[in-house]
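The values are calculated or read from the model by the stated rules, or taken from the named source; none is laboratory data. None of the values given here were measured: they were computed from a predicted structure. Neighbour counts are summed over all protein chains in view; Cβ atoms, including those assigned to glycine, are modelled from backbone coordinates with ideal geometry. The area values use the complete protein model at the heavy-atom level, side chains included, leaving out ligands, DNA and RNA. Shrake-Rupley method; radii C 1.70, N 1.55, O 1.52, S 1.80 Å.
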Amino acid sequence: VQLQAYGGGLVQAGGSLRLSCAASGRHSGINIMRWFRQAPGKQRELVAGITSGGSTNYVDSVKGRFTISRDNAKDTVYLQTNSLKPEDTAVYYCNAVLDYGVSRWGQGTQVTVSS
C-alpha cells in the first residue's frame, strides 16, 4: 500500500486548508488512518485519527478546529483544518494501519501558516 498526501500550502492565520491522503495498492483492509505533523526541531506528533468505523480522536491543540474524515470506498482520509494558527506550521504526514499492525506512511505535505 502506498499513500499520497496533498493539499498543503501557505495560508494566513485564521485560514483553512483541506488535506487529503489516498491509499493505493492491494490490501485486505485499512483499520486506522491518521494524520501526524512534525514542526522544525520538534518530534512528530499525532494530530488526529479515525477508525474504519468512523471513531475519531484529536490532539487537544486542534480540537474544535480540525476535522478528520475518511471515504472507505476511495481509501482516502481527509483533514479539514480551520482557524489555522502559526503554531500549526509543520509537515503533515498521513499514516495507515493495516491488518496485523502493518503501518504505512505518506510522503508529507507542508502546511505554513503566516501571522
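A few comments on the model shown:
- From Leu84, Leu46, Leu17, Leu98, residue being more than 13 Å from the chain's Cα centre (by Cα), closer than 30 Å to Ser115 by Cβ and among the hydrophobic types (A, V, I, L, M, F, W, C): Leu84
- Verdict on Ser61 being assigned to a helix (DSSP H, G or I), touching a helix residue (DSSP H, G or I) at 6+ places or on another chain (Cβ under 8 Å) and open to solvent by 40 Å² or more (accessible area, probe 1.4 Å): yes
- Tallying residues that are modelled with pLDDT of 95 or more and not hydrophobic (A, V, I, L, M, F, W, C) within region 7-37 yields 11.
- Residue within region 53-75 that is closer than 19 Å to Thr109 by Cα and at pLDDT below 95 present: yes
- Check on Ala96, in contact with a Leu (Cβ under 9 Å, 6 or more places away or on another chain), small (Gly, Ala, Ser) and not in a loop (DSSP other than H, G, I, E, B): yes
- Within region 68-96, tally of residues that are touching a Ser or Thr at 6+ places or on another chain (Cβ under 9 Å) and surrounded by fewer than 17 Cβ atoms within 10 Å (Cβ to Cβ): 8
- Lone qualifier among Arg104, Arg37 - being touching a residue at least 60 places away in the same chain (Cβ under 8 Å), outside any loop (DSSP other than H, G, I, E, B), within 16 Å of Gln4 (Cα to Cα) and open to solvent by 70 Å² or more (accessible area, probe 1.4 Å): Arg104
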